[in-house]
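Quick notes on the structure that follows.
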């Protein structure tokens, strides 16, 4: 039985009530992008995908106070160019981070994971070491016994979805791939006592991308799968197990029957989300957006009261704002907020705070290039 590690945010409510909202950007390099945001009693830890001339692609940690001040940066050395994609907290106060690495002296890409202690020291790292293929990990979760599960892609001719499990000390225990005639990928995963639920996309059945949901047992043996989509592209980008034992995934659609259409029947990109039972029965489906510009979700989380927060972007190529939606557990929209910090802003990580608000992180583009975006807002998104 898989038991996910649950690390509660232990901020005291009096302190949380005094915390002020903020909306900041960080970084003066050529490119900086936040891939996760992890609240602790001491502040916020934000792993960054970092690039600067002369140093190349690095993993960098940004740490700030709970009000976004006193930022510090630390580069984490690795033996190659690294591209972090996701991070989760460890029971010892450290971090697990996954993504991909191009090892020094090679041109192909390996799946990669690193375990850091609370001070940012590398305890272990793992690479798939698979010459001739391109592999990357896109999401991960840690179990109560310290083992880590991750999902992503493995590409040779076409892309296949990838699931794997590592021991608590960073040794590969098992690995499975899932593919069809065309591209398939797994973007995110969640676990329960029955095994693993992963969401992503597949082009195998329609040629265009469809949302792909996969249920496996604890070691990646397929139990069942489902797809959803319209005549254009659809993608599942995040999934959570909710406190009632159900699952919810979120992403985007470029057009599905029943979506939000203008008078001519045309649809913009819309946030696409669905709640399901543990056995895969659909509870409800929702789309959120308008007929003016595109909307997409890249992350979601459950608030303490059972509401769901979805983070992403609203806009079009060249101009977008960060987007957060708050819904009830049944998918009824409570509010929608946009946050314009720079240009082409995108929020791709979100975490609840004990005062009912949230912190979210991502990236934007400004006069200094790509910068990390970090914001904290109250329960009303303000």
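Any chance the range 331-340 includes a residue that's in a loop (DSSP other than H, G, I, E, B), within 15 Å of residue 312 (Cα to Cα) and either in contact (Cβ under 8 Å) with a residue 12 or more places away in the chain or touching a strand residue (DSSP E or B) at 6+ places or on another chain (Cβ under 8 Å) (or both)?
Quick first cut of the range 331-340, residues in a loop (DSSP other than H, G, I, E, B) only: 331-332, 340.
Narrowing further to those that are within 15 Å of residue 312 (Cα to Cα): 340.
From what is left, the residues that are either in contact (Cβ under 8 Å) with a residue 12 or more places away in the chain or touching a strand residue (DSSP E or B) at 6+ places or on another chain (Cβ under 8 Å) (or both) are 340.
Looking through the range 331-340, at least one residue is in a loop (DSSP other than H, G, I, E, B), within 15 Å of residue 312 (Cα to Cα) and either in contact (Cβ under 8 Å) with a residue 12 or more places away in the chain or touching a strand residue (DSSP E or B) at 6+ places or on another chain (Cβ under 8 Å) (or both).
Which count do you get for residues in the range 37-57 that are part of a loop (DSSP other than H, G, I, E, B) and either out of contact with any strand residue (DSSP E or B) (no Cβ under 6 Å at 6 or more places or on another chain) or surrounded by fewer than 15 Cβ atoms within 10 Å (Cβ to Cβ) (or both)?
Step one: list which residues in the range 37-57 are part of a loop (DSSP other than H, G, I, E, B), which gives 37, 40-43, 53-55.
After this cut, where a residue has to be either out of contact with any strand residue (DSSP E or B) (no Cβ under 6 Å at 6 or more places or on another chain) or surrounded by fewer than 15 Cβ atoms within 10 Å (Cβ to Cβ) (or both) as well, the list is 40-42, 53-55.
Number satisfying all stated conditions: 6.
What number goes with the only condition from (1) within 17 Å of residue 177 (Cα to Cα); (2) touching a strand residue (DSSP E or B) at 6+ places or on another chain (Cβ under 6 Å); (3) surrounded by fewer than 22 Cβ atoms within 10 Å (Cβ to Cβ) that residue 203 does not pass?
(2)
Output the residues belonging to the range 24-36 that are in contact with a strand residue (DSSP E or B) (Cβ under 7 Å, 6 or more places away or on another chain) and either crowded, with 16+ Cβ neighbours inside 10 Å or at pLDDT below 75 (or both). Break it down stepwise before answering.
Going through the range 24-36, the residues in contact with a strand residue (DSSP E or B) (Cβ under 7 Å, 6 or more places away or on another chain) turn out to be 24-27, 29-36.
The answer is 24, 25, 26, 27, 29, 31, 32, 33, 34, 35, 36.
So, in the range 58-81, of the ones that are over 13 Å from residue 97 (Cα atoms) and surrounded by 19 or more Cβ atoms within 10 Å (Cβ to Cβ), which residue ends up modelled with the lowest pLDDT?
Only one residue tops the list, namely 68.
Looking only at strands (runs of 3 or more DSSP E) that fall completely inside the range 281-329, which ones have 3 or more residues that are at pLDDT 95 or above and surrounded by fewer than 17 Cβ atoms within 10 Å (Cβ to Cβ)? So that I can check it myself, show each step before the final result.
Details: elements: 282-288, 294-302, 308-316, 319-327.
The strands (runs of 3 or more DSSP E) meeting that bar are 282-288.
From the list 75, 108, 125, exactly one residue is in contact (Cβ under 8 Å) with a residue 12 or more places away in the chain, touching a strand residue (DSSP E or B) at 6+ places or on another chain (Cβ under 7 Å) and assigned to a loop (DSSP other than H, G, I, E, B). Which is it? Even if it seems obvious, please write down each step before you answer.
Numbers: 75 fails: assigned to a loop (DSSP other than H, G, I, E, B); 125 fails: assigned to a loop (DSSP other than H, G, I, E, B).
That would be 108, the only listed residue that is in contact (Cβ under 8 Å) with a residue 12 or more places away in the chain, touching a strand residue (DSSP E or B) at 6+ places or on another chain (Cβ under 7 Å) and assigned to a loop (DSSP other than H, G, I, E, B).
Checking the structure you have, find out if any residue of the range 261-269 is in a strand (DSSP E or B) and free of Cβ contacts under 8 Å to residues at least 60 places away in the same chain. Lay out the reasoning, then the answer.
Of the residues in the range 261-269, the ones in a strand (DSSP E or B) are none.
Within the range 261-269, not a single residue is in a strand (DSSP E or B) and free of Cβ contacts under 8 Å to residues at least 60 places away in the same chain.
Does residue 249 fit the bill of being touching a strand residue (DSSP E or B) at 6+ places or on another chain (Cβ under 8 Å), surrounded by fewer than 18 Cβ atoms within 10 Å (Cβ to Cβ), at pLDDT 95 or above and part of a strand (DSSP E or B)? Reasoning before the result, please.
Values: touching a strand residue (DSSP E or B) at 6+ places or on another chain (Cβ under 8 Å): yes; surrounded by fewer than 18 Cβ atoms within 10 Å (Cβ to Cβ): no; at pLDDT 95 or above: yes; part of a strand (DSSP E or B): yes.
No: the conditions fail for residue 249.
Check whether at least one residue in the range 368-378 is in contact with a strand residue (DSSP E or B) (Cβ under 7 Å, 6 or more places away or on another chain), over 20 Å from residue 254 (Cβ atoms), surrounded by fewer than 20 Cβ atoms within 10 Å (Cβ to Cβ) and free of Cβ contacts under 8 Å to residues at least 40 places away in the same chain, and report yes or no.
The answer is no, given that none of the residues of the range 368-378 is in contact with a strand residue (DSSP E or B) (Cβ under 7 Å, 6 or more places away or on another chain), over 20 Å from residue 254 (Cβ atoms), surrounded by fewer than 20 Cβ atoms within 10 Å (Cβ to Cβ) and free of Cβ contacts under 8 Å to residues at least 40 places away in the same chain.
A quick yes/no check of all residues on (1) more than 18 Å from residue 46 (Cα to Cα); (2) free of Cβ contacts under 8 Å to residues at least 40 places away in the same chain; (3) crowded, with 24+ Cβ neighbours inside 10 Å:
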residue: 121; (1), (2), (3): no, yes, no
residue: 134; (1), (2), (3): yes, yes, no
residue: 144; (1), (2), (3): yes, no, no
residue: 160; (1), (2), (3): yes, yes, no
residue: 165; (1), (2), (3): yes, no, no
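Would you point out the residue of the range 91-105, among those that are in a strand (DSSP E or B) and surrounded by fewer than 21 Cβ atoms within 10 Å (Cβ to Cβ), that is modelled with the lowest pLDDT?
Taking the range 91-105 and keeping what is in a strand (DSSP E or B), we get 95-103.
Still in the running and surrounded by fewer than 21 Cβ atoms within 10 Å (Cβ to Cβ): 102-103.
Details: 102: 94, 103: 91.
Among those residues, the one meeting the criterion is 103.
For the range 261-280: of the residues being modelled with pLDDT under 85 and surrounded by fewer than 17 Cβ atoms within 10 Å (Cβ to Cβ), which is nearest to residue 358 (Cα to Cα)?
The qualifying residue nearest to residue 358 (Cα to Cα) is 261.
Run down 114, 88 and say which single residue is in contact (Cβ under 8 Å) with a residue 24 or more places away in the chain and more than 15 Å from the chain's Cα centre (by Cα).
Details: 88 fails: more than 15 Å from the chain's Cα centre (by Cα).
Exactly one of 114, 88 is in contact (Cβ under 8 Å) with a residue 24 or more places away in the chain and more than 15 Å from the chain's Cα centre (by Cα), namely 114.
For the range 153-220, which strands (runs of 3 or more DSSP E) that fit wholly inside it have 3 or more residues that are closer than 14 Å to residue 237 by Cβ and within 20 Å of the chain's Cα centre (by Cα)?
On the way: elements: 159-166, 172-178, 184-192, 195-202, 210-216.
Correct list: 184-192, 195-202, 210-216.
The values are calculated or read from the model by the stated rules, or taken from the named source; none is laboratory data. All values reported here derive from a predicted model rather than from experimental measurement. Cβ atoms come from the backbone with ideal geometry, glycine included; neighbour counts cover every protein chain shown.
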